[in-house]
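Working notes, beginning with the structure itself.
The values are calculated or read from the model by the stated rules, or taken from the named source; none is laboratory data. Values in this document were obtained by computation on a predicted structure and should not be read as measured data. Neighbour counts are summed over all protein chains in view; Cβ atoms, including those assigned to glycine, are modelled from backbone coordinates with ideal geometry. Just so you know, the surface numbers come from the protein's heavy atoms only, side chains and all, with ligands and any DNA or RNA stripped out. Shrake-Rupley method; radii C 1.70, N 1.55, O 1.52, S 1.80 Å.
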Amino acid sequence: MERHQITGHTELIGLLAYPIRHSQSPATHNAAYEKLGVDIVNLAFEVDAPELEDAIKGLRALKLRGANVSMPNKTIVHQYLDEISPAARLCGAVNTIVNKDGYLVGHITDGIGYIQSLKDNDIDPVGKKLTIVGSGGAATAVEIQAALDGVAEMSIFARDDKFKQNALDTVKKINENTNCKATFYPLEDLDKLKEEMHSSYLFTNATGVGMKPLEGITYIPDSSFFRPDLIVTDVVYAPHETAMLKMARHAGCKTMNGQGMMLFQAIAAIELILGKRVDSAYMKEKLG
Ligand code: NAD
């Protein structure tokens, strides 16, 4: 591995999460800094919730340019920051901290990444209807950003588990804060799911179904739920093609997996912190 030449000028951006050693994120961010020609390194710090307040004080004291934040800190870090973006406030989560001369601003870029990955695939959901399944962190970020960015109508389905209340809260927040009309439906009502999918431009799985340990599984019973002009996307990026995407592709649908979301959320975070946008084609090639 080629090493960045570290000097007295080199600056630091940290990823604050626990556990985090397995993360590809520092490699992604360091590849982007190299391409941008900036003298910055990105390192992962094992920071768990009890240490987070001290870590943020340290970030201020050490004048880090910013930080990336992952679980378990995404939903609690806002209390230590000076300002929160509208999307981060509505999501109740922050994955990017920008240090503006000691004034810390929190953003969430997961939803931005998803919307940019749509655009990258010539998919434009503005003014259209989205049916989406999911009530966890990824789903909330996508739902809030889609509503803020101009999706006209959203049908949100979720199963009856510990996340369900999130989906109900998200529907309320979207209806109170954006021009999008959102409605909640239980995922158990498959007839309704089919009906909503049939009247949608775009369908998205924003749950972990399709990824290990649920790899090979989908809650879509059969291909009659798809029609060829429905665009079908998944936030899952491993495997590259989930069982649901495979079924949709066989039904003639245009499909997109979660790899673009992952890439573009990183690009958006780098742009927020550094004010520079790295070339997505280069990053795609670099990350395989
Ligand atoms: P989470 O734990 O916050 O939420 C899990 C969600 O999955 C909930 O909505 C839950 O109801 C749903 N779920 C779980 N088992 C289910 C089942 N059997 N049937 C129906 N719904 C079920 O997780 P998360 O952080 O929101 O992550 C969800 C998925 O999104 C993961 O696969 C993750 O890898 C992916 N993700 C992708 C990106 C990206 O950049 N592409 C970013 C974040 C998360």
Q) Among PRO86, PRO50, which is the only one that is within 18 Å of GLU271 (Cβ to Cβ) and open to solvent by 70 Å² or more (accessible area, probe 1.4 Å)? A) PRO86
**Q.** Selection from region 241-288 of residues that are in a loop (DSSP other than H, G, I, E, B) and away from the ligand (no atom under 15 Å from the Cβ)
**A.** ALA251, GLY252, CYS253, LYS254, GLY275, LYS276, ARG277, VAL278, ASP279, GLY288
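Can you say whether LEU214 is of a type in the set (A, V, I, L, M), at pLDDT 95 or above, away from the ligand (no atom under 11 Å from the Cβ) and open to solvent by 10 Å² or more (accessible area, probe 1.4 Å), as far as the supplied structure shows?
For LEU214, the condition - of a type in the set (A, V, I, L, M), at pLDDT 95 or above, away from the ligand (no atom under 11 Å from the Cβ) and open to solvent by 10 Å² or more (accessible area, probe 1.4 Å) - is not met.
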Q) Got at least one residue in region 29-45 being at pLDDT 95 or above, under 17 Å from the mean Cα position of the chain (by Cα) and either over 30 Å from LEU193 (Cβ atoms) or within 16 Å of the ligand (Cβ to nearest atom) (or both)? A) yes
Q: Would you mind finding the one in VAL142, VAL98, VAL151, VAL105 that is over 18 Å from LEU16 (Cβ atoms) and away from the ligand (no atom under 13 Å from the Cβ)?
A: VAL151
Q: With the checklist (1) basic (Lys, Arg); (2) open to solvent by 50 Å² or more (accessible area, probe 1.4 Å); (3) more than 14 Å from the ligand (Cβ to nearest atom) in hand, flag the one item LYS129 doesn't pass.
A: (2)
Q. Regarding LYS246, is this residue under 18 Å from ASN121 (Cβ atoms) and surrounded by fewer than 19 Cβ atoms within 10 Å (Cβ to Cβ)?
A. yes
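Can you name the residue in region 161-175 that is of a type outside the set (Lys, Arg) and over 17 Å from LEU187 (Cβ atoms) and is also surrounded by the fewest Cβ atoms within 10 Å (Cβ to Cβ) among such residues?
That would be ASN175.
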**Q.** Output for region 251-270, where each listed residue is closer than 21 Å to ILE84 by Cα and either surrounded by fewer than 18 Cβ atoms within 10 Å (Cβ to Cβ) or hydrophobic (A, V, I, L, M, F, W, C) (or both)
**A.** PHE264, ALA266, ILE267, ALA268, ALA269, ILE270
Q) Looking at region 154-168, which of its residues are more than 10 Å from the ligand (Cβ to nearest atom), in a helix (DSSP H, G or I) and out of contact with any Phe, Trp or Tyr (no Cβ under 7 Å at 6 or more places or on another chain)? A) GLN165
Q: Give the residues of region 222-240 that are within 16 Å of the ligand (Cβ to nearest atom) and over 18 Å from the mean Cα position of the chain (by Cα), sorted by residue number.
A: PHE225
